[in-house]
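One structure is given below, encoded as structure tokens.
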Amino acid sequence: MVFIAPIRRTAWLLIVLASFVAGFPQTNAQHARVELLARQNAVAAGSDLQFGVHFILEKGWHIYWINPGDSGQPPSFKWHLPAGFTAGEIQWPRPERMQPSKALTDFGYHDEALLPLTVRVPPSISNRMPVEFGVEVKWLVCREVCIPEHAELRLSLPVAATASADPQHAQLFKKTDKLLPQPLPRAWKASVTSRKGEFLLTIRTGKPITKAEFFPLDPGQIDNPAPQNLQPSRTGATLTLKKSDQLLKPITLLRGVLVIPGSSAYRIEAPVRQPIQ
């Protein structure tokens, strides 16, 4: 099935969910190669594993971040793990900003993306045979059109007394580590003031910030296509974020990712101070 993009969020989600419910064959991927990778070369009892779902995208095509923006749908995952193993949450590297039109802005990934997660390993493993892992992945891949794709991925790892890094994938995981949003340093402070039609996000770092971009984690709060005006200060900067026309009631917390060029990306969870009546 092929969709013409862009589509406003409500209509888009109805189409996408209908496609997902209808089901897919075991593998349906035309514009992306997807594989399940392990950072370690073996399973060791009580030692966590790090997996990653690796997307290699056809040139010009993209997939979506956890908040896709004004259109689209993030990848979804259904894990099949041995008894006693549990999967943590997917970690989302900082996204790219994509603007298919003046009225729409999306957040996602071009070219290549590794979406990592931690798998908890039980304290004891009775079976010494290789351990099988599996995941069902569904995603939208888009260019001028958007296509739902699907794959069932499998991975087998031997059981060993200890596990070490697999050199074949070490660089890819290290590269992804640098793209994962980090907590704000303890000395930094983030605060948000709500004004009519906009939020003022102030970051205090102890030194000026001359460039930064904010990616909202929760949809429907920020007007994604609107310019983000940055005003540097001696101790940081203030970003002016236009409110979304879908925001119908006040929010108490603004969550997202702050990307500072030449530095890390940082997770923001800042309380929102409402205007004085």
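Normalised by the number of residues in the range 129-187, the average gap of Cα pairs under 8 Å and 6 or more apart makes the relative contact order 30 percent. Label point of residue 47 set 7 angstrom out along Cα-Cβ; within the range 59-98, amide nitrogens under 18 Å from it belong to 85-86.
Using a cutoff of 8 angstrom between alpha carbon atoms and counting only pairs six or more residues apart, the relative contact order for the chain works out to 19 percent.
Rounded to the nearest Hz, the phi-derived 3J(HN,Hα) couplings of the range 206-216 under the Karplus curve 6.51 cos²θ - 1.76 cosθ + 1.60 (θ = phi - 60°) are x, 8, x, 10, 9, 9, 6, 9, 10, 10, x, where x marks glycine and proline. The residues of the range 170-277 expose on average 60 square angstrom of accessible surface per residue, using a 1.4 Å probe on protein heavy atoms.
Taking the Kirkwood radius as Rh and the Cα radius of gyration as Rg, the chain has a ratio of Rg/Rh equal to 1.01. Ordering of 146-154, 133-141, 177-185 by packing is 133-141, 146-154, 177-185, highest average first (other Cβ atoms within 10 Å, averaged per residue).
Note on residue 78: aspartates and glutamates with a C-alpha under 16 Å away, same-chain residues under 8 apart excluded, are 35, 89, 132, 136, 149, 152.
The long axis of helix 9-22 is offset from the longest Cα principal axis of the chain by roughly 10 degrees. If a paramagnetic tag sat 7 Å from the Cα of residue 187 along the Cα-Cβ line, which residues of the range 215-236 would have the backbone N under 13 Å from that point? It comes to 235-236, nothing else. The fraction of accessible area contributed by carbon and sulfur in the chain is 53 percent, rounded to a whole number (1.4 Å probe; ligands and nucleic acids excluded).
The values are calculated or read from the model by the stated rules, or taken from the named source; none is laboratory data. Since we're looking at a predicted model, the values are computed, not measured. All Cβ positions, even for glycine, are placed from backbone atoms using ideal geometry, and neighbour counts span all protein chains on display. Areas reflect the complete protein model, heavy atoms only, side chains present, ligands, DNA and RNA absent. Shrake-Rupley method; radii C 1.70, N 1.55, O 1.52, S 1.80 Å.
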